[in-house]
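Below: one structure, written as structure tokens.
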Amino acid sequence: MSTTSPRSIPNILSIAGTDPTGGAGIQADLKSFAAHRGYGMCVVTALVAQNTRGVREIHLPPVSFLRAQLDAVSDDVALDAIKIGMLGTEEIITTVAEWVDSLGHGRHGDGEDGDGGDAQDDVDGSGPVLVLDPVMIATSGDRLLDAAAESALIAFLHRADLITPNVPELALLAGAEPASDPTGLISQSRAVADEHQVVVLAKGGHLDDATAQEHVVDTLVYPQRAGVRPAEEQFLSPRIHTQNTHGTGCSVSAALATLAARGHSWSTALPVVKDWMTSALQDSERLDVGQGHGPIQHFAQLWD
């Protein structure tokens, strides 16, 4: 996958909610963009009163103001990638969808990268790369969206190039119970990839099988086209045992968006991101932020 931008530092937009403690949401996205040499921008969908111990309150600005933010960016800045996180309501999702459509966005395949890899998809690849982290289920297991918003988000999926659901979110998208092993995870990912013609990052971090005790296995699952499914690609990384995991999902999707904007394919971007995340988790012990699930150290590979 590659964009046509001549920019050596790509412009990346986060559309998501906030975290005043800096570990998740837009704040995590901006750090992730910077850590991977992207220029970060943000549009706020929700003002969230949260910390490392949980969410206290959520304020949703009017969607007219959301659209004003989106237009202010796109009227002035050429975007290379968009990362979408927390959307929250059907009205917000519809507003973002209409704005994305106004950009003339055409989905990117997993096409040529700096190493000259072959394309996985035959989509036109115009406009910015779009990565969707479908924030639908809280850590507690509670659903964050009502039925109308869930339906709107599912209808949005075909606009994305890559989606990065966690295990319970993937199950919700597939209309199934959460997977308990890699086989179930891949099966659900295939179903979602085919139905919505989108690449799915099947994240194994929440699985509790024997392999998951020592390693995290993530798999890129591509949609079937013309009766042919590209080979799935698995990537292993060591499991880091730490409670500092706040914002990991936000950060992974933001990092992938940045590397895609820099010309990487998903298959070359993911191992880079996994190596970075391993360092960020390991180095998180140097931080002293909060009394719950603390943040990762986004700049572990940059700071001494």
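Quick notes
- Counted residues, segment 140-197 - those being part of a loop (DSSP other than H, G, I, E, B), among the charged types (D, E, K, R) and closer than 13 Å to residue 219 by Cβ: 1
- Among the residues of segment 226-248, the ones that are closer than 19 Å to residue 193 by Cα and outside any strand (DSSP E or B) come to 6 in all.
- Residue check, residue 75 more than 21 Å from the chain's Cα centre (by Cα) and charged (D, E, K, R): yes
- Boolean, residue 200 is touching a Pro at 6+ places or on another chain (Cβ under 9 Å) and part of a helix (DSSP H, G or I): no
- Residue among 18, 45 that alone is at pLDDT 95 or above, surrounded by fewer than 22 Cβ atoms within 10 Å (Cβ to Cβ), touching a Gly at 6+ places or on another chain (Cβ under 8 Å) and closer than 18 Å to residue 136 by Cα: 18
- Scanning segment 257-304 for residues that are touching a Ser or Thr at 6+ places or on another chain (Cβ under 6 Å), hydrophobic (A, V, I, L, M, F, W, C) and closer than 21 Å to residue 217 by Cα gives 281, 296.
- Of all residues making up segment 203-217, the number that are part of a strand (DSSP E or B) and either under 17 Å from residue 173 (Cβ atoms) or at pLDDT 95 or above (or both): 1
- Residues located in segment 38-69, provided they are in contact with a strand residue (DSSP E or B) (Cβ under 8 Å, 6 or more places away or on another chain) and in a loop (DSSP other than H, G, I, E, B): 38, 52, 60, 61
The values are calculated or read from the model by the stated rules, or taken from the named source; none is laboratory data. Since the structure is predicted, the reported quantities are computational estimates derived from the model, not experimental observations. In this analysis, Cβ positions are derived from the backbone assuming ideal geometry, glycine residues included, and neighbour counts consider all displayed protein chains.
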